[in-house]
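> Have a look at this one before I ask anything.
Values in this text are rule-based calculations from the coordinates and carry no lab data. Just so it is clear, the model here is predicted, and its values are computed rather than measured. All Cβ positions, glycine included, derive from the backbone under ideal geometry; neighbour counts span all protein chains shown.
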């Protein structure tokens, strides 16, 4: 394998990449692509390039995507006002139809973009290859669900064929209706079910910051909880952190929070000694 031909010139050093390819060759990495990072088409294209590179290097990658900003844009077009409870969108019948349409369109956009890079990808959503069964989060939230069962055989089958599963945060309830799932929650549940080596949450922040607003490169669960108690980590970041803690306490070796706005942040996080964001361990 000629790494010089596959890796970008402004990516991690080749000698470090070689070491980490060996480390991850039989492992699964789940990547959540979300936050506001995917409105910008240049960032989207960088993401597609990095995922394609990981696939060409033989890594087993699973992508879970969000869709918040795109959903908001479509709801605004239809003059539909929404409210949030505990950071989750209250979702009635008219809203879930828009949510499902937007997420599936975005899912297919990722798949077709990867195909153009000669990387095979598989759409997994409520209309194609659904793998997520949910229970309703609460009555007040409407069609918002929590994953209760994940059919990992569909994912494993794709990985064996060197196909990248691209998963929408949607599921089907026992009532056979579609439910929206928080993207981080969906990614965490999938990573736990697969016992993945890594879960990477791509977002629009640098990672976890200390009280002086400096990036923390690595941190343990107990140190994170201490930061929440001291209110160094506050509201917006807490649901994401809870997903991280749940994952590392249920079979995922470590979780990285990385800045999707930074070019090749995925490659630096996986293939360099320094990483690119914050790594959270048990």
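> Can you tell me, using C-alpha contacts under 8 Å and at least 6 residues apart, the relative contact order of the chain as a whole percent?
Dividing the mean separation by the residue count of the chain yields 22 percent.
> Just grab the label-to-label distance for residue 127 and residue 250, each label 7 Å out from Cα along the Cβ direction, in nm (one decimal).
2.9
> Tell me the mean residue ellipticity at 222 nm calculated for the chain from its helices only (DSSP H runs of n ≥ 4, each -39500 (n - 2.57), averaged over every residue, nearest 500).
-12000 deg cm²/dmol
> Oh, and also: Contact order normalised by length for the stretch 1-111, with contacts defined as Cα pairs under 8 Å and 6 or more residues apart; what percent is it?
26
> Using 0.36 nm times the number of residues separating residue 213 and residue 39, minus their current alpha carbon distance, what extension gain do you get?
60.1 nm
> So for the pair residue 273, residue 15, with labels modelled 7 Å out along Cα→Cβ, what separation do we get in nm?
The two pseudo-label positions are separated by 0.9 nm.
> Also: Using the basic label-point model (7 angstrom from Cα toward the beta carbon), what is the residue 4 to residue 22 distance in nanometres?
So the label points at residue 4 and residue 22 sit 2.1 nm apart.
> Over all alpha-carbon pairs in the stretch 236-282, figure out the percentage whose distance exceeds 13 Å.
57
> Separate question: Counting other beta carbons within 10 Å of each Cβ, put 198, 73 in order, fewest first.
73, 198
> Starting with the fewest neighbours, write out 237, 1, 202 ranked by other beta-carbon atoms found within 10 Å of each beta-carbon.
The most exposed by this proxy come first: 1, 237, 202.
> What ranking of 44, 106 emerges when the number of other C-beta atoms within 10 Å of each C-beta is taken as an exposure proxy, fewest first?
With the fewest neighbours first, 44, 106 line up as 44, 106.
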